[in-house]
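Only one structure is covered here, and it is reproduced in the block below.
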Amino acid sequence: MKRSNAPIFWLLFGAGGMLSALLGSALVFITGLAVPLGWPLPADLMSHARMAALAQHWAGKAFLFTVISLFAWHAAHRIFHSLHDLGLRTGWVARLACYGSALAITLTSAGALLSLGL
């Protein structure tokens, strides 16, 4: 039987899907409605100083990296299989574009978070 790397991508897809189901709508509500409109959260909740402090703390870095990377892998896997469902060819070019972009987002977010210092 030929070995496959598909379980790795399905694991990242499942983890990203679970995380987006649990946190996605709350993040959209907080960052898109509650804080900009000032209800029920204070407007300075997402000030630059607070967000910089979050991104510089090791737990904040871990949280941000996890959310960004798993959301990217979930989206890449969903887009790849949606292309297949639409009847488009899902050869190595589509695979490279989808999963390569998720890898690029993951590496860029890791580099950006690590550049903020510990």
Point to revise | Residues that are under 30 Å from Leu41 (Cα atoms) and either in contact (Cβ under 8 Å) with a residue 24 or more places away in the chain or surrounded by 11 or more Cβ atoms within 10 Å (Cβ to Cβ) (or both), drawn from region 1-30 | key: Ala15, Gly16, Gly17, Met18, Leu19, Ser20, Leu23, Gly24, Leu27, Val28, Phe29, Ile30
Practice item. Could you please find all residues in region 37-60 being of a type outside the set (A, V, I, L, M, F, W, C) and under 22 Å from Ala112 (Cβ atoms)? Key: Ser47, His48, Arg50, Gln56, His57, Gly60
**Study point:** Pairs with Cβ under 9 Å, 6+ apart, first in region 33-45 and free of Cβ contacts under 8 Å to residues at least 40 places away in the same chain and surrounded by 12 or more Cβ atoms within 10 Å (Cβ to Cβ), second of a type in the set (A, V, I, L, M) and part of a loop (DSSP other than H, G, I, E, B)
**Key:** Ala34/Leu41; Val35/Leu41
Point to revise | In region 83-118, residue modelled with the lowest pLDDT [restricted to those that are outside any helix (DSSP H, G or I) and surrounded by 11 or more Cβ atoms within 10 Å (Cβ to Cβ)] | key: Thr90
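The values are calculated or read from the model by the stated rules, or taken from the named source; none is laboratory data. Note that the coordinates shown come from a computational prediction; the quantities given were computed from them, not determined experimentally. As a convention, Cβ positions derive from the backbone with ideal geometry for all residues, glycine included, and neighbour counts pool all protein chains shown.
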